[in-house]
Amino acid sequence: MDRESARQRLSELRREIAEHDHRYYVLARPTISDAEYDRLYDELLDLERRFPDLVTPDSPSQRVGGAPIEGFRHVRHAVPMLSLEKARTAHELQLFDARVRRALEGEEVAYHVEPKIDGVSISLIYRDGSLQLAATRGDGEVGDDITANARTIRSIPLRLRVERPPALLEVRGEAYMDRAGFAELNRKLREAGEEPFPNARNATAGSLKLLDPRLVAQRPLRAVFYAVVRCEGLEFATHAEALAWLRSAGLATPAFTAVCGSIAEVLDRCRELRERETELPYDIDGAVVKLNRLEHWRRLGLKPKHPAWAIAYKPRDWVEQARTRLVDITVQVGRSGVLTPVAELEPVFLDGSTVSRATLHNADEIERKDIRIGDVVVVEKAGMVIPAVVEPLPEFRTGAERRFRMPDRCPVCGGPVVRGRLSSGEGEEVAWRCDNLDCPAQKARRLEYFCRRAGLDIEGIGGIVADRLIERGLVDDPLDLYELRAEELARLNLGTEEEPRVFGEKNAARVLSALERSRRAPLERWLSALGIPEVGDVTARELAVRHRTLADVAESPWLRAIVRRNALLEERRRLRSRAAPAPDTADREHRGRRVAEITAEIARLERQIGAGGRSPVGPVQAAAVLNFFASPRGRMILQRLAALKIEPQGGAASEESTAAGGPLAGQTYVLTGTLNSMSREQAAQRIRELGGTVTDSVSRRTTALIVGQDPGEAKTRRAAELGVPTMDEAAFLRLISNAGDSPPPPRPAQPELF
Ligand code: IVH
């Protein structure tokens, strides 16, 4: 064959092969057999071998180019790769819609709904139609140049399939591994005696980071593109148009997209997307809702971290799971000495953030689920809750896994570990705990608790600062803070001997002024901060409105009455119980008299307690408070506060605002997490005004758990165990506004549907 006909034939072959790659990898509709494809490919290789000078960079043979590289060149993104703001509830999506409509002043708005692909973000630049650069996201500003690796991905065209390509095109998308490809890769790795990847996302990220493109070429990578960020020489009016053009140019775009005129319609499409999630070849982690008109993108612009024209929608009840390796199990010591095993994980991207630690709940659960160190495990994040290890995947075991054993000495102080019952306000829990009240870890966590925002709000004394203050002996009990000198605190070394990092004068001054302010904090905050067993913020408030000073709480006749009433109720129950041996007549009379006496005393106590004896502070809590102040530590606290002239003030039981007979009468709520529209205290106040009760812990009597952002794990878990309904902020707002208009009775919110 002469050179000219070879040139012609090569150009035909390139076009044909690119066409078949496109049909196979992008459209998933191949039109020729593998054998026919191989024939075309072999012919191309043969001709290129005979005419090496006719090889072009966009030839399919050039997908795998040169030799392995040393490392990746850094590239600065012309347009930063931003992340997306998140909406967790339909209400948050509505807030986004309201903001958008306000900014666009009543103009007609259309939204584009698409899947949020859980892969690895990449950016491609085509110049005059040829792939010039592929980059990873990196820190959003600077990423890695992974062009050689991206060229091996056959769903990425080396040349755009359009007659007149734009001079410059930059597109953003996700590289991923489809489910079948991922399973096959793991099978091969296992066969070769190598460690399989715990999930497709890690496999994709790991593959893109390989320094040898020949190895990358063997990985089943794909890519899909969801945004045009720069384009010179072409204009699109809408995002949908831009995606359609990308498809015509040979780039894959997400399936199941829709253009919607309202948020109600957006929610419908999101629900549909969720139902059909498994039909997609990639994992998704929500939906992305974008404004459709590109003019609107320009008008709304960018916020510091997110575009203002898009939002990711991921409802709370969409439980996000991922697989990763459990590298180790460490043991943490809490404020009351409870030892909690913590899963140390190979970092995994889960629900918008990288997770490297997760809770394992307790040692019993580890044993029950047979979770072993070294296992590949499923981790889960339901809504904003702290990630938890759900289960091990025994099929990944190699035999090198180890079982976990709770240490018999505290990992921090070396003190004895005891297994004891721990009353958690609602029932009892068996827990392992460090029995040494002087354990530095316990002290540091107590100090941290004292300083937390809902406590005395001493910013800056948490984590490592608390650890170091205790370690260096500067603080032993939280009250020692009030005797700290600014210089001591400023010199506190948070680093190491070799690399010191001091707390600094400015921070020290800030802490001292917060401490000064805290002297005048109300009784309620002091009661929260002291870390009295069983006393959370709500109980602290209930105690504070009924007592004037800490000494009053310590000696409280009201608390005594609650404890006494409970003891009498028990005694009466026992006396009346049929299980008791049949009494003789004298005994029966004696019992009858005793029951009458008890009943009279209970009635008296109930008058003293108020609210028919149904006080928001239960007997377990009341006893815990009295015991605390009678203990050596409690007595020491009272003495020291007096010496420090700190006299927190409470009182004004008349402030008691529970509206008996209000629309929420008889309902009990527990709050957890942060609400957007009001503080927790305001929310509790509102519930009380409507006649409801607010308590600190979830029990069978709880009507609903109101869940804000970053909710507490214990409360959500307890609610799930007891089948107590949860309510998000939007549902809570509906509840109080409905109740405010008087009946209908409150209904716990339906869980959000995707
Ligand atoms: S739009 C300019 N759309 O989610 C583009 N992002 O949390 C701004 N992602 O970094 C992002 N699917 O890597 C967009 N359909 C989609 C997406 C998507 C997945 C990723 C993307 C982004 C992250 C934000």
For Met727, Met177, what ranking results if the residue with the fewest other Cβ atoms within 10 Å of its Cβ goes first? Met727, Met177
For segment 92-137, report the % of Cα-Cα distances exceeding 14 Å. 70 percent
Starting from the Cα-Cα distance between Leu437 and Glu184, subtract it from 0.36 nm times their residue separation and give me the gain in nm to one decimal. 85.7 nm
Which ordering of Leu267, Leu626 is given by a fewest-first count of other beta-carbon atoms within 10 Å? Leu626, Leu267
Once fully extended, how much extra length lies between Arg701 and Glu516, figured as 0.36 nm per residue of separation less the alpha-carbon to alpha-carbon distance? 62.5 nm
Going down the table (Lys443/Lys506; Lys303/Lys715; Lys314/Lys369), which pairs top 32 Å between alpha carbons? Lys303/Lys715
Per-residue HN-Hα couplings for segment 169-174, Karplus 6.51 cos²θ - 1.76 cosθ + 1.60 at θ = phi - 60°, whole Hz, x for Gly and Pro? 9, 10, 10, 10, x, 10
What residues have an amide H closer than 5 Å to that of Arg372, excluding those fewer than 5 places away on the same chain, when H is modeled at 1.01 Å from N in the peptide plane? none
For Arg594, Arg293, ascending order of other Cβ atoms within 10 Å (fewest first) is Arg594, Arg293
Per the chain, cysteines lacking a partner by the 4.7 Å Cβ criterion: Cys231, Cys260, Cys270, Cys451
Give the aspartates and glutamates whose C-alpha is closer than 15 Å to that of Lys645, dropping any in the same chain fewer than 8 places away, or say none. Asp480, Glu483, Glu516
In the chain, with Lys and Arg counted as +1 and Asp and Glu as -1 at Cβ, which of these residues, Ala183, Leu168, Ala308, has the Cα nearest the positive end of the dipole, that is, farthest along it? Ala308
Hz values of 3J(HN,Hα) by residue in segment 522-538 - Karplus curve (6.51, -1.76, 1.60), Gly and Pro given as x: x, 3, 3, 6, 5, 5, 5, 6, 5, x, 5, x, 6, 9, x, 4, 6
With bins of 5 Å, the percent of all Cα-Cα pairs of segment 56-100 per bin from 0 is 5, 13, 10, 10, 11, 12, 8, 7, 8, 14, 4
Say R0 is 25 Å: what FRET efficiency, to the nearest 0.05, do Arg99 and Glu295 get from their beta-carbon distance? 0.90
Would you pull out the residues with amide H under 5 Å of Gly712's amide H, same chain only if 5 or more places away, H placed 1.01 Å from N? Gly673
At a threshold of 8 angstrom on Cα-Cα distance, excluding pairs fewer than six apart, so keeping six or more, what relative contact order does the chain reach in percent? 9 percent
What ³J(HN,Hα) values, in whole Hz, does the Karplus curve 6.51 cos²θ - 1.76 cosθ + 1.60 give for segment 283-299 when θ = phi - 60°, with x put for Gly and Pro? 6, 10, 10, x, 10, 10, 10, 10, 5, 7, 6, 6, 4, 5, 4, 5, 5
Segment 146-218 and segment 527-563 have their Cα centres apart by a whole-number Å value of 61 Å
For Gln332, other-chain or 5+-apart residues with amide H closer than 5 Å (H placed, Pro excluded) are Thr340, Val342
16 Å reach of a label modelled at Arg214, 7 Å along Cα-to-Cβ, counting backbone N of segment 30-47: none
If the cut-off is 23 Å between C-alpha atoms, which lysines fall inside it for Lys209, apart from same-chain ones fewer than 8 positions away? Lys116, Lys188
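Values quoted throughout were computed directly from the atomic coordinates according to the rules given, and no laboratory measurement underlies them. Only a predicted model underlies this, so the values are computations on that prediction, with no experimental measurement involved. Glycine also receives a Cβ, built like all others from the backbone with ideal geometry; neighbour counts cover every protein chain displayed.
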